[in-house]
1. Run down A:150, A:213, A:136 and say which single residue is more than 13 Å from every other protein chain (Cβ to nearest Cβ), of a type in the set (A, V, I, L, M, F, W, C) and at negative phi.
2. Scanning for something over 30 Å from residue A:240 (Cα atoms) and hydrophobic (A, V, I, L, M, F, W, C), does region B:153-168 turn up at least one residue?
3. For the subset of region B:9-41 comprising residues that are within 15 Å of residue B:65 (Cβ to Cβ) and under 21 Å from the mean Cα position of the chain (by Cα), which member is surrounded by the fewest Cβ atoms within 10 Å (Cβ to Cβ)?
4. Kindly list the number of the only condition in (1) in the same structural domain as residue B:194 (by TED's automatic domain parsing); (2) without any contact (Cβ under 8 Å) to a residue 40 or more places away in the chain; (3) of a type outside the set (Lys, Arg) that fails for residue B:55.
5. When you scan region A:195-206, do you find a residue that is out of contact with any Asp or Glu (no Cβ under 9 Å at 6 or more places or on another chain), away from every other protein chain (no Cβ under 13 Å), closer than 30 Å to residue B:75 by Cβ and in a loop (DSSP other than H, G, I, E, B), even just one?
6. Against the condition basic (Lys, Arg), modelled with pLDDT of 95 or more and at negative phi, how does residue A:61 come out, does it pass?
7. Scan region B:216-241 for residues that are of a type in the set (Lys, Arg) and either more than 9 Å from chain A (Cβ to nearest Cβ) or touching a Pro at 6+ places or on another chain (Cβ under 9 Å) (or both) and jot them down.
8. Taking the condition of being part of a loop (DSSP other than H, G, I, E, B) and among the charged types (D, E, K, R), how many residues in region A:53-83 meet it?
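The values are calculated or read from the model by the stated rules, or taken from the named source; none is laboratory data. Note that this is a predicted model, so its numbers are computed, not measured. Here Cβ is always computed from backbone atoms with ideal geometry, including for glycine, and neighbour counts include all displayed protein chains.
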Number of protein chains: 2
Amino acid sequence: MIRLYLAEDLAAGAAVAPSPEQAHYLVNVMRLAAGDELLVFNGRDGEWRAKMGAVGKRICRLEIAAQTRPQATGPDLDLVVALVKRARLETIVEKAAELGARRVRLVVTERTNAERTRVDRLAAIAAEAAEQTGRLEVPAIEPPAKLAALLAAWPADRPLMFCDEAGAAPPALTALAGRAGGPWAVLIGPEGGFSPGERAAIRGLPAAVPVSLGPRILRADTAAIAALTLWQAALGDLRGA
Amino acid sequence: MIRLYLAEDLAAGAAVAPSPEQAHYLVNVMRLAAGDELLVFNGRDGEWRAKMGAVGKRICRLEIAAQTRPQATGPDLDLVVALVKRARLETIVEKAAELGARRVRLVVTERTNAERTRVDRLAAIAAEAAEQTGRLEVPAIEPPAKLAALLAAWPADRPLMFCDEAGAAPPALTALAGRAGGPWAVLIGPEGGFSPGERAAIRGLPAAVPVSLGPRILRADTAAIAALTLWQAALGDLRGA
(Lines give C-alpha, C1' and ligand atoms only; values in the text may rest on other atoms or scores of the structure.)
Protein backbone atom coordinates (compact mmCIF):
# COMPACT_ATOMS: atom_id res chain seq x y z
CA MET A 1 0.00 0.00 0.00
CA ILE A 2 1.17 3.53 -0.77
CA ARG A 3 2.64 5.42 2.19
CA LEU A 4 2.76 9.20 2.13
CA TYR A 5 4.56 11.68 4.38
CA LEU A 6 2.40 14.76 5.03
CA ALA A 7 3.10 17.98 6.88
CA GLU A 8 -0.41 18.47 8.26
CA ASP A 9 -1.83 17.25 11.55
CA LEU A 10 -3.50 13.85 11.41
CA ALA A 11 -6.58 12.86 13.39
CA ALA A 12 -9.63 10.69 12.81
CA GLY A 13 -12.11 12.45 10.53
CA ALA A 14 -9.69 15.15 9.36
CA ALA A 15 -9.52 16.07 5.69
CA VAL A 16 -6.07 17.01 4.47
CA ALA A 17 -4.61 18.16 1.17
CA PRO A 18 -1.37 16.59 -0.04
CA SER A 19 1.16 18.83 -1.78
CA PRO A 20 0.68 19.44 -5.52
CA GLU A 21 3.53 17.00 -6.26
CA GLN A 22 1.96 14.36 -4.05
CA ALA A 23 -1.48 14.91 -5.60
CA HIS A 24 0.05 14.50 -9.05
CA TYR A 25 1.73 11.28 -7.90
CA LEU A 26 -1.46 9.85 -6.43
CA VAL A 27 -3.84 10.91 -9.20
CA ASN A 28 -1.78 10.75 -12.37
CA VAL A 29 1.07 8.35 -11.63
CA MET A 30 -0.54 5.80 -9.32
CA ARG A 31 -4.04 6.51 -10.71
CA LEU A 32 -5.83 6.32 -7.38
CA ALA A 33 -9.55 7.13 -7.49
CA ALA A 34 -12.02 8.32 -4.88
CA GLY A 35 -12.38 5.65 -2.20
CA ASP A 36 -8.95 4.10 -2.69
CA GLU A 37 -6.91 3.67 0.47
CA LEU A 38 -3.36 4.59 1.44
CA LEU A 39 -1.26 5.12 4.57
CA VAL A 40 -0.09 8.53 5.79
CA PHE A 41 2.23 9.78 8.54
CA ASN A 42 3.69 13.14 9.60
CA GLY A 43 6.40 12.25 12.12
CA ARG A 44 4.20 13.33 15.06
CA ASP A 45 0.82 11.60 15.04
CA GLY A 46 1.65 8.02 14.09
CA GLU A 47 0.49 6.26 10.93
CA TRP A 48 -3.09 6.47 9.64
CA ARG A 49 -5.21 4.78 7.05
CA ALA A 50 -6.59 7.42 4.67
CA LYS A 51 -9.12 7.32 1.87
CA MET A 52 -8.99 9.30 -1.35
CA GLY A 53 -11.74 11.89 -1.35
CA ALA A 54 -12.77 14.08 -4.27
CA VAL A 55 -10.26 13.87 -7.10
CA GLY A 56 -9.59 16.70 -9.54
CA LYS A 57 -7.24 16.82 -12.46
CA ARG A 58 -4.23 17.76 -10.35
CA ILE A 59 -5.63 17.91 -6.83
CA CYS A 60 -7.15 15.56 -4.32
CA ARG A 61 -8.28 15.43 -0.72
CA LEU A 62 -7.51 12.70 1.76
CA GLU A 63 -9.96 11.65 4.46
CA ILE A 64 -8.12 10.42 7.54
CA ALA A 65 -9.75 7.25 8.89
CA ALA A 66 -8.14 5.15 11.65
CA GLN A 67 -4.70 5.08 13.20
CA THR A 68 -2.72 2.00 12.19
CA ARG A 69 0.38 2.59 14.37
CA PRO A 70 1.05 5.01 17.24
CA GLN A 71 3.96 7.42 16.89
CA ALA A 72 7.30 5.89 17.84
CA THR A 73 10.79 7.23 17.59
CA GLY A 74 13.83 5.21 16.66
CA PRO A 75 17.30 5.48 18.19
CA ASP A 76 18.79 8.98 18.54
CA LEU A 77 21.42 8.43 15.85
CA ASP A 78 22.92 11.21 13.71
CA LEU A 79 24.90 10.64 10.55
CA VAL A 80 27.57 13.31 10.08
CA VAL A 81 28.84 13.04 6.52
CA ALA A 82 31.20 15.07 4.38
CA LEU A 83 29.82 16.53 1.17
CA VAL A 84 30.67 13.98 -1.50
CA LYS A 85 29.62 13.86 -5.14
CA ARG A 86 25.91 14.27 -5.71
CA ALA A 87 24.99 10.71 -6.71
CA ARG A 88 26.80 9.17 -3.74
CA LEU A 89 25.44 11.78 -1.33
CA GLU A 90 21.91 11.01 -2.50
CA THR A 91 22.55 7.30 -1.97
CA ILE A 92 23.83 8.04 1.54
CA VAL A 93 20.72 10.05 2.43
CA GLU A 94 18.40 7.35 1.07
CA LYS A 95 20.23 4.64 3.01
CA ALA A 96 20.43 6.72 6.21
CA ALA A 97 16.63 6.93 6.08
CA GLU A 98 16.31 3.17 5.51
CA LEU A 99 18.76 2.40 8.31
CA GLY A 100 17.01 4.55 10.88
CA ALA A 101 19.22 7.63 11.27
CA ARG A 102 17.28 10.45 12.89
CA ARG A 103 19.27 13.28 11.36
CA VAL A 104 21.85 13.78 8.59
CA ARG A 105 24.35 16.58 9.24
CA LEU A 106 26.37 17.66 6.20
CA VAL A 107 29.91 18.78 6.82
CA VAL A 108 32.56 20.61 4.80
CA THR A 109 36.11 19.32 5.25
CA GLU A 110 39.49 20.31 3.83
CA ARG A 111 39.29 17.66 1.12
CA THR A 112 35.64 18.25 0.31
CA ASN A 113 35.26 19.52 -3.23
CA ALA A 114 31.84 21.10 -2.88
CA GLU A 115 30.61 23.52 -0.24
CA ARG A 116 27.02 23.51 -1.36
CA THR A 117 24.31 21.01 -2.07
CA ARG A 118 20.60 21.06 -2.69
CA VAL A 119 19.36 20.42 0.82
CA ASP A 120 15.73 20.54 -0.34
CA ARG A 121 16.40 17.76 -2.83
CA LEU A 122 18.11 15.65 -0.19
CA ALA A 123 15.14 16.23 2.13
CA ALA A 124 12.79 14.98 -0.59
CA ILE A 125 14.92 11.85 -1.03
CA ALA A 126 14.86 11.29 2.74
CA ALA A 127 11.05 11.63 2.81
CA GLU A 128 10.57 9.21 -0.09
CA ALA A 129 12.90 6.66 1.51
CA ALA A 130 11.07 7.01 4.83
CA GLU A 131 7.76 6.39 3.03
CA GLN A 132 9.09 3.21 1.44
CA THR A 133 10.96 1.82 4.42
CA GLY A 134 7.94 2.01 6.71
CA ARG A 135 9.30 4.30 9.40
CA LEU A 136 7.26 6.98 11.14
CA GLU A 137 9.72 9.90 10.97
CA VAL A 138 11.71 11.50 8.19
CA PRO A 139 15.37 12.18 9.00
CA ALA A 140 16.12 15.91 9.07
CA ILE A 141 18.83 17.14 6.68
CA GLU A 142 21.01 19.88 8.15
CA PRO A 143 22.73 22.32 5.80
CA PRO A 144 26.52 22.06 5.44
CA ALA A 145 28.66 23.28 8.35
CA LYS A 146 32.43 23.49 8.63
CA LEU A 147 34.02 20.56 10.40
CA ALA A 148 35.91 22.81 12.83
CA ALA A 149 32.70 24.54 13.93
CA LEU A 150 30.93 21.22 14.32
CA LEU A 151 33.72 19.80 16.48
CA ALA A 152 34.01 22.98 18.57
CA ALA A 153 30.35 22.68 19.54
CA TRP A 154 30.26 18.91 19.89
CA PRO A 155 28.17 17.84 22.92
CA ALA A 156 30.11 15.71 25.38
CA ASP A 157 27.17 13.36 25.89
CA ARG A 158 26.91 12.26 22.23
CA PRO A 159 29.61 9.67 21.39
CA LEU A 160 30.93 10.02 17.86
CA MET A 161 31.72 6.79 16.01
CA PHE A 162 34.70 7.89 13.93
CA CYS A 163 35.33 5.64 10.95
CA ASP A 164 39.06 6.22 10.66
CA GLU A 165 40.50 4.55 7.60
CA ALA A 166 43.96 6.08 8.10
CA GLY A 167 44.78 5.00 11.63
CA ALA A 168 44.76 2.03 13.93
CA ALA A 169 41.36 1.53 15.52
CA PRO A 170 39.53 -1.47 16.93
CA PRO A 171 36.89 -3.24 14.80
CA ALA A 172 33.55 -1.43 15.03
CA LEU A 173 31.74 -4.15 16.97
CA THR A 174 34.62 -4.35 19.46
CA ALA A 175 34.65 -0.58 19.95
CA LEU A 176 30.87 -0.45 20.44
CA ALA A 177 30.55 -3.48 22.73
CA GLY A 178 29.14 -2.64 26.13
CA ARG A 179 28.34 0.98 25.24
CA ALA A 180 24.95 2.50 26.00
CA GLY A 181 22.60 3.23 23.10
CA GLY A 182 21.64 6.83 24.06
CA PRO A 183 22.46 9.74 21.73
CA TRP A 184 25.14 8.82 19.20
CA ALA A 185 26.55 9.95 15.88
CA VAL A 186 28.46 8.31 13.04
CA LEU A 187 31.11 10.36 11.23
CA ILE A 188 32.03 9.61 7.60
CA GLY A 189 34.75 11.56 5.79
CA PRO A 190 35.13 12.59 2.16
CA GLU A 191 36.45 10.22 -0.54
CA GLY A 192 39.96 11.61 -0.02
CA GLY A 193 39.80 11.09 3.73
CA PHE A 194 40.26 13.60 6.51
CA SER A 195 43.49 15.61 6.62
CA PRO A 196 46.03 14.73 9.36
CA GLY A 197 45.02 17.87 11.28
CA GLU A 198 41.35 17.01 11.03
CA ARG A 199 42.01 13.46 12.19
CA ALA A 200 43.90 14.75 15.22
CA ALA A 201 41.10 17.18 16.05
CA ILE A 202 38.45 14.47 15.82
CA ARG A 203 40.47 12.01 17.88
CA GLY A 204 41.03 14.78 20.43
CA LEU A 205 37.31 15.00 21.14
CA PRO A 206 36.47 13.21 24.40
CA ALA A 207 33.34 11.88 22.70
CA ALA A 208 35.23 10.32 19.78
CA VAL A 209 35.12 6.53 19.43
CA PRO A 210 37.50 5.55 16.61
CA VAL A 211 36.55 2.36 14.80
CA SER A 212 37.84 0.33 11.86
CA LEU A 213 35.56 -0.82 9.04
CA GLY A 214 37.95 -3.52 7.90
CA PRO A 215 40.98 -4.00 5.67
CA ARG A 216 39.57 -2.61 2.42
CA ILE A 217 39.19 0.99 1.31
CA LEU A 218 35.47 1.78 1.24
CA ARG A 219 33.78 4.46 -0.79
CA ALA A 220 31.98 7.04 1.33
CA ASP A 221 28.54 5.59 0.62
CA THR A 222 29.64 2.06 1.48
CA ALA A 223 31.31 3.28 4.67
CA ALA A 224 28.18 5.18 5.72
CA ILE A 225 25.87 2.20 5.15
CA ALA A 226 28.26 -0.24 6.85
CA ALA A 227 28.76 2.03 9.87
CA LEU A 228 25.04 2.72 10.37
CA THR A 229 24.32 -1.01 10.04
CA LEU A 230 26.95 -1.95 12.61
CA TRP A 231 25.78 0.72 15.06
CA GLN A 232 22.17 -0.41 14.74
CA ALA A 233 23.18 -4.05 15.13
CA ALA A 234 25.31 -3.35 18.21
CA LEU A 235 23.30 -0.67 20.01
CA GLY A 236 20.13 0.10 18.03
CA ASP A 237 17.02 -1.55 16.68
CA LEU A 238 18.76 -4.23 14.60
CA ARG A 239 19.51 -5.93 17.93
CA GLY A 240 15.96 -7.21 18.03
CA ALA A 241 13.41 -6.60 20.76
CA MET B 1 48.41 5.30 -6.85
CA ILE B 2 46.52 3.67 -9.72
CA ARG B 3 45.73 -0.03 -9.24
CA LEU B 4 44.99 -2.18 -12.29
CA TYR B 5 43.59 -5.68 -12.55
CA LEU B 6 45.33 -7.64 -15.33
CA ALA B 7 44.68 -11.10 -16.74
CA GLU B 8 48.31 -11.95 -17.47
CA ASP B 9 50.84 -13.66 -15.23
CA LEU B 10 52.92 -11.31 -13.09
CA ALA B 11 56.56 -11.85 -12.20
CA ALA B 12 59.61 -9.64 -11.68
CA GLY B 13 60.96 -8.46 -15.02
CA ALA B 14 57.91 -9.46 -17.05
CA ALA B 15 56.51 -7.07 -19.64
CA VAL B 16 52.74 -7.18 -19.97
CA ALA B 17 50.19 -5.43 -22.16
CA PRO B 18 47.03 -4.07 -20.57
CA SER B 19 43.78 -4.37 -22.50
CA PRO B 20 43.00 -1.65 -25.06
CA GLU B 21 40.48 -0.09 -22.64
CA GLN B 22 43.05 -0.07 -19.85
CA ALA B 23 45.73 1.37 -22.12
CA HIS B 24 43.32 4.14 -23.13
CA TYR B 25 42.61 4.83 -19.46
CA LEU B 26 46.29 4.97 -18.52
CA VAL B 27 47.51 6.95 -21.51
CA ASN B 28 44.65 9.25 -22.40
CA VAL B 29 42.57 9.61 -19.24
CA MET B 30 45.20 9.47 -16.49
CA ARG B 31 47.96 10.74 -18.83
CA LEU B 32 50.67 8.46 -17.49
CA ALA B 33 53.99 8.67 -19.32
CA ALA B 34 56.92 6.28 -19.68
CA GLY B 35 58.50 5.73 -16.25
CA ASP B 36 55.36 6.47 -14.23
CA GLU B 37 54.47 3.86 -11.63
CA LEU B 38 51.29 2.00 -10.78
CA LEU B 39 50.17 -1.15 -8.97
CA VAL B 40 48.88 -4.28 -10.70
CA PHE B 41 47.34 -7.58 -9.59
CA ASN B 42 45.73 -10.58 -11.28
CA GLY B 43 44.10 -12.50 -8.44
CA ARG B 44 46.86 -15.14 -8.44
CA ASP B 45 50.31 -13.59 -8.10
CA GLY B 46 49.84 -10.89 -5.46
CA GLU B 47 50.25 -7.17 -6.06
CA TRP B 48 53.19 -5.69 -7.98
CA ARG B 49 54.68 -2.32 -8.62
CA ALA B 50 54.82 -1.72 -12.36
CA LYS B 51 56.38 0.96 -14.51
CA MET B 52 54.97 2.40 -17.71
CA GLY B 53 57.17 1.35 -20.64
CA ALA B 54 56.90 2.54 -24.20
CA VAL B 55 53.70 4.56 -24.71
CA GLY B 56 51.92 4.76 -28.06
CA LYS B 57 48.80 6.69 -28.94
CA ARG B 58 46.46 3.98 -27.70
CA ILE B 59 48.82 1.29 -26.44
CA CYS B 60 51.36 0.87 -23.71
CA ARG B 61 53.52 -1.77 -22.08
CA LEU B 62 53.98 -2.30 -18.37
CA GLU B 63 57.26 -3.46 -16.87
CA ILE B 64 56.64 -5.51 -13.73
CA ALA B 65 59.10 -4.50 -11.00
CA ALA B 66 58.77 -5.76 -7.40
CA GLN B 67 56.00 -7.50 -5.51
CA THR B 68 54.34 -5.21 -2.95
CA ARG B 69 51.99 -7.79 -1.35
CA PRO B 70 51.83 -11.58 -1.61
CA GLN B 71 48.62 -13.14 -2.85
CA ALA B 72 46.01 -13.55 -0.12
CA THR B 73 42.43 -14.68 -0.26
CA GLY B 74 39.63 -13.25 1.81
CA PRO B 75 36.78 -15.17 3.41
CA ASP B 76 34.94 -17.71 1.25
CA LEU B 77 31.74 -15.67 1.09
CA ASP B 78 29.25 -15.79 -1.79
CA LEU B 79 26.52 -13.25 -2.37
CA VAL B 80 23.45 -14.85 -3.95
CA VAL B 81 21.22 -12.06 -5.19
CA ALA B 82 18.02 -11.89 -7.20
CA LEU B 83 18.11 -9.94 -10.44
CA VAL B 84 16.92 -6.47 -9.54
CA LYS B 85 16.82 -3.32 -11.64
CA ARG B 86 20.06 -2.51 -13.38
CA ALA B 87 21.21 0.50 -11.33
CA ARG B 88 20.66 -1.28 -8.02
CA LEU B 89 22.24 -4.50 -9.27
CA GLU B 90 25.32 -2.55 -10.33
CA THR B 91 25.48 -0.94 -6.89
CA ILE B 92 25.22 -4.37 -5.28
CA VAL B 93 28.09 -5.75 -7.37
CA GLU B 94 30.29 -2.73 -6.61
CA LYS B 95 29.59 -3.01 -2.89
CA ALA B 96 30.03 -6.80 -2.84
CA ALA B 97 33.53 -6.23 -4.22
CA GLU B 98 34.26 -3.54 -1.61
CA LEU B 99 32.93 -5.72 1.20
CA GLY B 100 35.00 -8.73 0.29
CA ALA B 101 32.55 -11.18 -1.31
CA ARG B 102 34.42 -13.81 -3.31
CA ARG B 103 31.62 -14.54 -5.77
CA VAL B 104 28.29 -13.02 -6.82
CA ARG B 105 25.70 -15.55 -7.97
CA LEU B 106 22.71 -14.08 -9.79
CA VAL B 107 19.38 -15.79 -9.30
CA VAL B 108 15.99 -15.64 -11.01
CA THR B 109 13.00 -15.83 -8.66
CA GLU B 110 9.24 -15.79 -9.16
CA ARG B 111 9.02 -12.07 -8.51
CA THR B 112 12.11 -11.18 -10.50
CA ASN B 113 11.20 -9.02 -13.46
CA ALA B 114 14.26 -9.67 -15.59
CA GLU B 115 15.82 -12.97 -16.54
CA ARG B 116 18.87 -11.50 -18.19
CA THR B 117 21.59 -9.05 -17.38
CA ARG B 118 24.89 -7.99 -18.88
CA VAL B 119 27.22 -10.24 -16.91
CA ASP B 120 30.26 -8.81 -18.71
CA ARG B 121 29.31 -5.31 -17.59
CA LEU B 122 28.85 -6.47 -13.99
CA ALA B 123 32.25 -8.19 -14.15
CA ALA B 124 33.84 -4.92 -15.29
CA ILE B 125 32.20 -3.10 -12.37
CA ALA B 126 33.49 -5.77 -9.98
CA ALA B 127 37.03 -5.42 -11.36
CA GLU B 128 36.98 -1.63 -11.07
CA ALA B 129 35.70 -1.80 -7.50
CA ALA B 130 38.37 -4.38 -6.61
CA GLU B 131 41.02 -2.05 -8.04
CA GLN B 132 39.80 0.84 -5.94
CA THR B 133 39.17 -1.03 -2.71
CA GLY B 134 42.67 -2.50 -2.60
CA ARG B 135 41.82 -6.19 -2.61
CA LEU B 136 43.85 -8.81 -4.48
CA GLU B 137 41.03 -10.73 -6.15
CA VAL B 138 38.06 -9.75 -8.27
CA PRO B 139 34.77 -11.38 -7.29
CA ALA B 140 33.48 -13.71 -10.01
CA ILE B 141 30.02 -12.94 -11.40
CA GLU B 142 27.98 -16.05 -12.17
CA PRO B 143 25.26 -15.86 -14.83
CA PRO B 144 21.64 -16.04 -13.65
CA ALA B 145 20.31 -19.40 -12.48
CA LYS B 146 16.81 -20.36 -11.37
CA LEU B 147 16.33 -20.32 -7.62
CA ALA B 148 14.91 -23.87 -7.61
CA ALA B 149 17.99 -25.25 -9.40
CA LEU B 150 20.31 -23.36 -7.06
CA LEU B 151 18.56 -24.71 -3.96
CA ALA B 152 18.41 -28.26 -5.33
CA ALA B 153 22.20 -28.29 -5.72
CA TRP B 154 22.98 -26.37 -2.53
CA PRO B 155 26.03 -27.84 -0.73
CA ALA B 156 25.30 -28.89 2.85
CA ASP B 157 28.59 -27.47 4.09
CA ARG B 158 27.92 -23.86 2.99
CA PRO B 159 25.54 -22.12 5.43
CA LEU B 160 23.16 -19.72 3.73
CA MET B 161 22.40 -16.49 5.62
CA PHE B 162 18.78 -15.94 4.54
CA CYS B 163 17.65 -12.35 4.99
CA ASP B 164 13.96 -13.05 5.52
CA GLU B 165 11.93 -9.87 5.69
CA ALA B 166 8.61 -11.70 5.79
CA GLY B 167 9.06 -14.03 8.73
CA ALA B 168 10.27 -14.16 12.27
CA ALA B 169 14.02 -14.61 12.47
CA PRO B 170 16.65 -13.69 15.05
CA PRO B 171 18.77 -10.55 14.56
CA ALA B 172 21.68 -11.25 12.22
CA LEU B 173 24.40 -10.95 14.86
CA THR B 174 22.49 -13.28 17.18
CA ALA B 175 22.00 -15.84 14.43
CA LEU B 176 25.68 -15.72 13.43
CA ALA B 177 27.14 -15.74 16.94
CA GLY B 178 29.38 -18.72 17.60
CA ARG B 179 29.28 -19.98 14.01
CA ALA B 180 32.45 -20.92 12.16
CA GLY B 181 33.65 -18.65 9.37
CA GLY B 182 34.27 -21.33 6.71
CA PRO B 183 32.34 -21.30 3.41
CA TRP B 184 29.20 -19.18 3.65
CA ALA B 185 26.69 -17.39 1.44
CA VAL B 186 24.30 -14.48 1.87
CA LEU B 187 20.94 -14.64 0.08
CA ILE B 188 19.10 -11.45 -0.91
CA GLY B 189 15.70 -11.57 -2.60
CA PRO B 190 14.05 -9.31 -5.17
CA GLU B 191 12.38 -6.00 -4.28
CA GLY B 192 9.00 -7.76 -4.06
CA GLY B 193 10.39 -10.44 -1.75
CA PHE B 194 10.39 -14.20 -2.19
CA SER B 195 7.05 -15.97 -2.76
CA PRO B 196 5.66 -18.06 0.12
CA GLY B 197 6.68 -21.24 -1.71
CA GLU B 198 10.20 -19.96 -2.23
CA ARG B 199 10.50 -18.95 1.41
CA ALA B 200 9.42 -22.42 2.51
CA ALA B 201 11.92 -24.03 0.14
CA ILE B 202 14.77 -21.86 1.41
CA ARG B 203 13.90 -22.41 5.05
CA GLY B 204 13.69 -26.14 4.31
CA LEU B 205 17.38 -26.25 3.39
CA PRO B 206 19.42 -27.69 6.25
CA ALA B 207 22.07 -25.05 5.49
CA ALA B 208 19.65 -22.11 5.78
CA VAL B 209 20.27 -19.62 8.60
CA PRO B 210 17.32 -17.17 8.65
CA VAL B 211 18.19 -13.72 9.97
CA SER B 212 16.41 -10.41 10.46
CA LEU B 213 17.87 -7.11 9.24
CA GLY B 214 15.70 -5.04 11.55
CA PRO B 215 12.27 -3.44 11.69
CA ARG B 216 12.40 -1.44 8.46
CA ILE B 217 11.83 -2.58 4.88
CA LEU B 218 15.18 -2.38 3.10
CA ARG B 219 15.72 -2.03 -0.61
CA ALA B 220 17.65 -4.93 -2.13
CA ASP B 221 20.90 -2.97 -2.38
CA THR B 222 20.69 -1.79 1.23
CA ALA B 223 19.90 -5.31 2.42
CA ALA B 224 22.84 -6.75 0.48
CA ILE B 225 25.30 -4.22 1.88
CA ALA B 226 23.98 -4.54 5.43
CA ALA B 227 24.05 -8.34 5.33
CA LEU B 228 27.59 -8.55 3.91
CA THR B 229 28.76 -6.02 6.50
CA LEU B 230 27.23 -7.94 9.40
CA TRP B 231 28.63 -11.26 8.17
CA GLN B 232 32.12 -9.78 7.80
CA ALA B 233 31.87 -8.15 11.23
CA ALA B 234 30.68 -11.35 12.91
CA LEU B 235 32.69 -14.03 11.10
CA GLY B 236 34.95 -12.40 8.50
CA ASP B 237 37.72 -9.86 8.18
CA LEU B 238 35.87 -6.93 9.78
CA ARG B 239 36.46 -8.72 13.08
CA GLY B 240 40.02 -7.48 13.09
CA ALA B 241 43.16 -9.59 13.19
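1. The match here is A:150.
2. yes
3. If we take residues in region B:9-41 being within 15 Å of residue B:65 (Cβ to Cβ) and under 21 Å from the mean Cα position of the chain (by Cα), then B:39 is surrounded by the fewest Cβ atoms within 10 Å (Cβ to Cβ).
4. The single condition residue B:55 does not satisfy is (1).
5. no
6. No; evaluated as a whole, the condition is false for this residue.
7. B:239
8. 3
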